[in-house]
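Derivation of every value follows stated rules applied to the coordinates shown; laboratory data play no part. Source: prediction; values computed, not measured. All Cβ positions, even for glycine, are placed from backbone atoms using ideal geometry, and neighbour counts span all protein chains on display.
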């Protein structure tokens with residue numbers, strides 16, 4: 001399970017789903033603040049972001065999924 005933070009690793013703006021035209025180019029998530037581009041796995045592929053989107057280490061307990069949103073893990 002891959003749970004990614006929507007916070008852009010450039011300056012902390014919110015990266016959302018890219019427009020269809022960008023998706024066809026392999027860009028799944030886009031940050032409009034400064035043009036940050038991420039692929040479907042949250043890996044930075046364009047623009048100024050220095051690293052991939054952070055991820056959360058979710059876990060399942062009693063058939064519920066928990067996401068520790070205050071503790072993102074940085075990827076390099």
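Filter region 48-76 for residues that are surrounded by fewer than 10 Cβ atoms within 10 Å (Cβ to Cβ) and in contact with a strand residue (DSSP E or B) (Cβ under 8 Å, 6 or more places away or on another chain) and give the result.
Within region 48-76, 50, 60, 71 meet the criteria.
Would you point out the residue of region 63-76, among those that are part of a strand (DSSP E or B) and over 13 Å from the mean Cα position of the chain (by Cα), that is farthest from residue 3 (Cα to Cα)?
So the residue we want is 64.
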